[in-house]
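Chemist: Here you go, one structure.
The values are calculated or read from the model by the stated rules, or taken from the named source; none is laboratory data. These numbers come from a predicted model, not from an experiment. Quick reminder, even Gly has a Cβ in these numbers, built from the backbone with ideal geometry, and neighbours come from all protein chains shown. Only protein heavy atoms, including side chains, enter the accessible area calculation; ligands, DNA and RNA are left aside. Shrake-Rupley method; radii C 1.70, N 1.55, O 1.52, S 1.80 Å.
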Amino acid sequence: MLKVIVLGPPASGKGTQAVHLALAREIPKISTGDILREAGQAGTPLGLKAKALMDRGELVSDDDMVNIVRERLAREDAQHGFILDGFPRTVAQAQTLDTMLDGQPLVIIDLAVPDHELIHRMEERRVCSKCARNAEPGSALSDTCARCGGTMVTRADDGDVNVRQHRLEVYKRESKPLLDYYRARATFRSINGAQAPEKVASELAAAIDAMVPAGVRAASGTPGRLR
Ligand code: AMP
C-alpha cells in the first residue's frame, strides 16, 4: 500500500506529478488546494473563509486542514494508498499526519525548483473557472478546460505579483522546515523539479521503486480517483 506526500514550493509541479503518479499506481490523488477551491466555489462557510486566506497567499489554519485531511483519508478509496498534494504544509500538520498514520510507511518526495522558475510558472499557470482543476501539462495557454470545457483563468493567488511573492515567503517560513523534519528518513527523496515534467515523473517513479518494496507499492486493483 503506497502512501506518498509531495512537498515543494507553490508551482513546483506537485499537482502535475501527483496526477501522473495517481494514474500510474491507481491510487487517489488528494489535493488540499483543490478541495479548498471547490469548497470556495460551493460557498460553504469553510470554503469562503479559506478563499479569503488563499487569495492573500496565506495558509488555512492547521486545525481546518487536519480536519479536511482526516475526513478525506477515512474514505474507502484512500484505504489502499494515496498521494497527498499540498499537505502537510507546516510541521504541526506533519506531526498530526504521523499520528494519523501510526507508523505506516510514508514516502516523502520534495520537488526543488528555484524562485525565478516558480514565479515564471505562476505567471503562466491557468486553472478552470468551472471544475477548479489546473491545466493539463502542455495546455497551459489554452482558454478552454480539456476536461469540462470551462474557461481557463489565472488563479487568483497567481495573478498578483505581491501575492506571488508572499506565497514564496510563507513557503520558506512555514513549509521549508518540513524538509528538516523529514530529511533523515530513509523514505525521503528530493528531486530536481525544474526539469521537464516527464523527466521529473520518471525520476520520481524510480525513487519510489528504489525505496519501497515491490509488494508494498503494487497497484491496489482499485481504480484511482483523481480527487
Ligand atoms: P495549492 O493549490 O496547493 O497551491 O494551495 C492553494 C492554497 O490553498 C495555499 O496557498 C493555501 O492558502 C491553501 N492550502 C492548501 N493546502 C494547505 C495546507 N495543507 N495548509 C494550509 N493551507 C493550505
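Chemist: For region 162-194, name all the residues that are within 20 Å of G33 (Cβ to Cβ) and open to solvent by 60 Å² or more (accessible area, probe 1.4 Å).
Modeler: Matches in region 162-194: N162, Q165, E169, K172, R173, E174, K176.
Chemist: If the requirement is being polar (S, T, N, Q) and touching a residue at least 60 places away in the same chain (Cβ under 8 Å), which of these qualifies: Q104, Q93?
Modeler: Details: Q93 fails: touching a residue at least 60 places away in the same chain (Cβ under 8 Å).
Checking each option against the conditions leaves just Q104.
Chemist: Applying the selection to region 89-126, what residues are of a type outside the set (D, E, K, R), over 19 Å from V212 (Cα atoms) and in contact with a strand residue (DSSP E or B) (Cβ under 7 Å, 6 or more places away or on another chain)? Working first, answer last.
Modeler: Applying the first criterion (of a type outside the set (D, E, K, R)) to region 89-126 yields 90-97, 99-101, 103-109, 111-114, 116, 118-120, 122.
Next, from what is left, pick out any that are over 19 Å from V212 (Cα atoms): 90-97, 99-100, 112-114, 116, 118-120, 122.
Within region 89-126, just A112 meets the criteria.
Chemist: Quick check on region 200-222: of everything there that is among the charged types (D, E, K, R) and surrounded by 13 or more Cβ atoms within 10 Å (Cβ to Cβ), which residue is modelled with the lowest pLDDT?
Modeler: R217
Chemist: I want to confirm something. Restricting to region 36-52 and keeping residues that are in a helix (DSSP H, G or I) and either open to solvent by less than 40 Å² (accessible area, probe 1.4 Å) or among the small types (G, A, S) (or both), which single residue is farthest from the ligand (Cβ to nearest atom)? Don't jump to the end; show me each part of the working.
Modeler: To start, the set of residues in region 36-52 that are in a helix (DSSP H, G or I) comprises 36-42, 45-52.
With the extra rule that they be either open to solvent by less than 40 Å² (accessible area, probe 1.4 Å) or among the small types (G, A, S) (or both), the set shrinks to 36, 39-40, 42, 47, 50, 52.
Details: L36: 5, A39: 10, G40: 9, A42: 15, G47: 11, A50: 7, A52: 10 Å.
Only one residue fits best here, namely A42.
Chemist: Select, from G81, G33, G86, G13, the only residue that is over 30 Å from P213 (Cβ atoms) and not charged (D, E, K, R).
Modeler: Only one candidate passes the filter, namely G33.
Chemist: For D55, indicate whether it is among the charged types (D, E, K, R), touching a helix residue (DSSP H, G or I) at 6+ places or on another chain (Cβ under 6 Å) and open to solvent by 20 Å² or more (accessible area, probe 1.4 Å).
Modeler: So D55 fits the description; yes.
Condition check ((1) within 12 Å of the ligand (Cβ to nearest atom); (2) part of a helix (DSSP H, G or I); (3) of a type in the set (D, E, K, R)) across all residues:
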{"residue": "I30", "(1), (2), (3)": "yes, no, no"}
{"residue": "D34", "(1), (2), (3)": "yes, yes, yes"}
{"residue": "V60", "(1), (2), (3)": "yes, no, no"}
{"residue": "D63", "(1), (2), (3)": "yes, yes, yes"}
{"residue": "I68", "(1), (2), (3)": "yes, yes, no"}
{"residue": "D77", "(1), (2), (3)": "no, yes, yes"}
{"residue": "F82", "(1), (2), (3)": "no, no, no"}
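Chemist: A further question follows. I need the full set of residues from region 84-107 which are open to solvent by 50 Å² or more (accessible area, probe 1.4 Å) and outside any helix (DSSP H, G or I), in order please.
Modeler: Within region 84-107, R89, D102, G103, Q104, P105 meet the criteria.
Chemist: Continuing with the same structure: Among the listed residues E117, E123, which satisfies the condition of being within 16 Å of the ligand (Cβ to nearest atom), touching a residue at least 24 places away in the same chain (Cβ under 8 Å) and open to solvent by 60 Å² or more (accessible area, probe 1.4 Å)?
Modeler: That would be E123, the only listed residue that is within 16 Å of the ligand (Cβ to nearest atom), touching a residue at least 24 places away in the same chain (Cβ under 8 Å) and open to solvent by 60 Å² or more (accessible area, probe 1.4 Å).
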